[in-house]
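**Q** Have a look at this one before I ask anything.
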Amino acid sequence: MTGLLKRYVVLLSWTAGAKVKKTLDSLSSMRFLRGCFPVALGLFLPCNTLLPSLLQAGELVSLASFNVENYLLNSDQGRSPKSYVARRAVKKSLLCMRADVVALQEIGSEKALLELKVDLGAESLSYPHHAITKTPDSPIHVALLSRFPITHVAHHVTNVFVLYGRVFRPSRGFLEVDIEIPAQKKLKVFVAHLKSKRPVGHADQWDIRTREALLLRSLVNARMNLDPNQMLAVVGDFNDGPASRTLKFLRGGKGEMRFKDARPIEGSPKSLQKADSKAGKRSTAWTHFFQDEDMFSRVDFILLNRALSLLYREEKSYVLDMPYWGQASDHRPVLAVFEMP
């Protein structure tokens, strides 16, 4: 609070109405205010309530995706609760990024999500809005935290596909969220966590994952056909690499409907790295360590439709590179930044 007071001290009084208005008007151009600031009668309003009126054209909006690896508070279906040290490392990662919108995979119950929200809020990173899939038969879920208002949520948990003559359903479902970005702009985000590479007895894991990708892309196409010019992102842990059929299906064909793979390289807010044109695709961008095969790979993606890709600022985006990443998860979070028109 001390640093905030040094920067944003505003003296308000009932006898200086014009001065108050001028002061508040001057604040309208500021972005990323944290905590609270005083208003008349000594009341305090969270800065998040003012963000919709503060964002101006040319301002930046960030979207992150993070598989938080079994973020459970209690044991569930053979999965152990996440330790305090590991939960603390997840929180440190989110505090470092301070993304406007965060898509999460492998979050446990809504209680775990709310606890994470409270912990972040205690350190001046408030996410007033959230959504989480409702899949009672799975101990882990996909979820989303947002600093901006959520106007619509769709839980795609009953959609099915046919494989080997049998009917299957994505075990973790898909989350579809509409977010009201300030200046009356809407961002639609699909969050997914596709079938892992671990084998199962009833079907081939690769076949399941590709069918899930086709199902997800059909939902995306339906939304794109309704409004081809909307800003839309498909994010999450797809458990397959960029050259896989899974990603081919998710990105779509050629032309207007094809999605861009954001592919940021590793860095942090204080150490952004420019992609070396000579290194090209050799720039470090891995997001996951698969312990069973002692292998690093890129399986976490932020895919952008054409409207959103035009706003993408690659030089400000990154895969978070922090020394404690392995304490938090077997994945590293991915963050993409966009400049609003």
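**Q** Out of (1) assigned to a loop (DSSP other than H, G, I, E, B); (2) closer than 21 Å to Lys195 by Cβ; (3) in contact with a Leu (Cβ under 9 Å, 6 or more places away or on another chain), the odd one out for Pro136 is which?
**A** Just one mismatch for Pro136, condition (3).
**Q** Within segment 78-111, how many residues are within 20 Å of His288 (Cβ to Cβ) and in a strand (DSSP E or B)?
**A** Final tally of qualifying residues: 7.
**Q** To continue, here is another question. Under the condition of being polar (S, T, N, Q) and under 21 Å from Ser109 (Cα atoms), which residue from segment 133-158 is farthest from the chain's Cα centre (by Cα)? Spell out how you get there, then give the answer.
**A** Step one: list which residues in segment 133-158 are polar (S, T, N, Q), which gives 133, 135, 138, 146, 151, 158.
Then drop every residue that is not under 21 Å from Ser109 (Cα atoms), which leaves 133, 135, 138, 146, 158.
Numbers: Thr133: 14, Thr135: 19, Ser138: 21, Ser146: 8, Thr158: 23 Å.
The selected residue is Thr158.
**Q** Can you tell me which of Leu95, Leu163, Leu144, Leu175 is in contact with an Asp or Glu (Cβ under 8 Å, 6 or more places away or on another chain) and either closer than 23 Å to Ser218 by Cβ or among the acidic types (Asp, Glu) (or both)?
**A** Working: Leu95 fails: either closer than 23 Å to Ser218 by Cβ or among the acidic types (Asp, Glu) (or both); Leu144 fails: in contact with an Asp or Glu (Cβ under 8 Å, 6 or more places away or on another chain); Leu175 fails: in contact with an Asp or Glu (Cβ under 8 Å, 6 or more places away or on another chain).
Of Leu95, Leu163, Leu144, Leu175, the one residue that is in contact with an Asp or Glu (Cβ under 8 Å, 6 or more places away or on another chain) and either closer than 23 Å to Ser218 by Cβ or among the acidic types (Asp, Glu) (or both) is Leu163.
**Q** Let me ask something else. Does Gln273 satisfy being at pLDDT 95 or above, in the same structural domain as Phe66 (by TED's automatic domain parsing) and either within 26 Å of Gln291 (Cβ to Cβ) or within 22 Å of the chain's Cα centre (by Cα) (or both)?
**A** On the way: at pLDDT 95 or above: no; in the same structural domain as Phe66 (by TED's automatic domain parsing): yes; either within 26 Å of Gln291 (Cβ to Cβ) or within 22 Å of the chain's Cα centre (by Cα) (or both): yes.
Judged against the criteria, Gln273 is not a match.
**Q** Going through segment 299-341 one residue at a time, which ones are part of a loop (DSSP other than H, G, I, E, B) and either surrounded by 17 or more Cβ atoms within 10 Å (Cβ to Cβ) or of a type in the set (A, V, I, L, M) (or both)?
**A** From segment 299-341, those part of a loop (DSSP other than H, G, I, E, B) are 299, 305, 310-311, 313, 317, 321-324, 329-330, 332-333, 340-341; that's our starting set.
Within segment 299-341, Val299, Asn305, Leu310, Leu311, Ser317, Met322, Ser329, Arg332, Pro333, Met340 meet the criteria.
**Q** Filter segment 240-256 down to residues that are touching a helix residue (DSSP H, G or I) at 6+ places or on another chain (Cβ under 6 Å) and surrounded by 15 or more Cβ atoms within 10 Å (Cβ to Cβ) and give me whichever is nearest to Phe66 (Cα to Cα).
**A** Looking at residues that are touching a helix residue (DSSP H, G or I) at 6+ places or on another chain (Cβ under 6 Å) and surrounded by 15 or more Cβ atoms within 10 Å (Cβ to Cβ), I get Asp240.
**Q** Which members of segment 53-72 meet the condition of being surrounded by fewer than 18 Cβ atoms within 10 Å (Cβ to Cβ), in a loop (DSSP other than H, G, I, E, B) and either out of contact with any Ser or Thr (no Cβ under 9 Å at 6 or more places or on another chain) or modelled with pLDDT of 95 or more (or both)?
**A** Listed by number, the residues that qualify are Ala57, Gly58, Glu59.
**Q** Condition check: under 15 Å from Asn239 (Cβ atoms), in the same structural domain as Val68 (by TED's automatic domain parsing) and over 19 Å from the mean Cα position of the chain (by Cα). Does Gln184 satisfy that? It would help to see each step written out before you state the result.
**A** Values: under 15 Å from Asn239 (Cβ atoms): no; in the same structural domain as Val68 (by TED's automatic domain parsing): yes; over 19 Å from the mean Cα position of the chain (by Cα): yes.
So Gln184 does not fit the description; no.
**Q** Please go through segment 218-260 and pick out each residue that is of a type in the set (S, T, N, Q) and on the phi > 0 side of the Ramachandran plot.
**A** At the first step, the residues of segment 218-260 found to be of a type in the set (S, T, N, Q) are 218, 221, 225, 229-230, 239, 244, 246.
If the condition is that a residue be of a type in the set (S, T, N, Q) and on the phi > 0 side of the Ramachandran plot, then Asn239 is the only one that fits.
**Q** For Val162, state whether it is modelled with pLDDT of 90 or more, among the β-branched types (Val, Ile, Thr) and surrounded by 17 or more Cβ atoms within 10 Å (Cβ to Cβ).
**A** Working: modelled with pLDDT of 90 or more: yes; among the β-branched types (Val, Ile, Thr): yes; surrounded by 17 or more Cβ atoms within 10 Å (Cβ to Cβ): no.
No; evaluated as a whole, the condition is false for this residue.
The values are calculated or read from the model by the stated rules, or taken from the named source; none is laboratory data. Treat the numbers as computed from the prediction; the structure is a model and nothing was measured. Backbone-built Cβ (ideal geometry, glycine too); neighbour counts: all protein chains shown.
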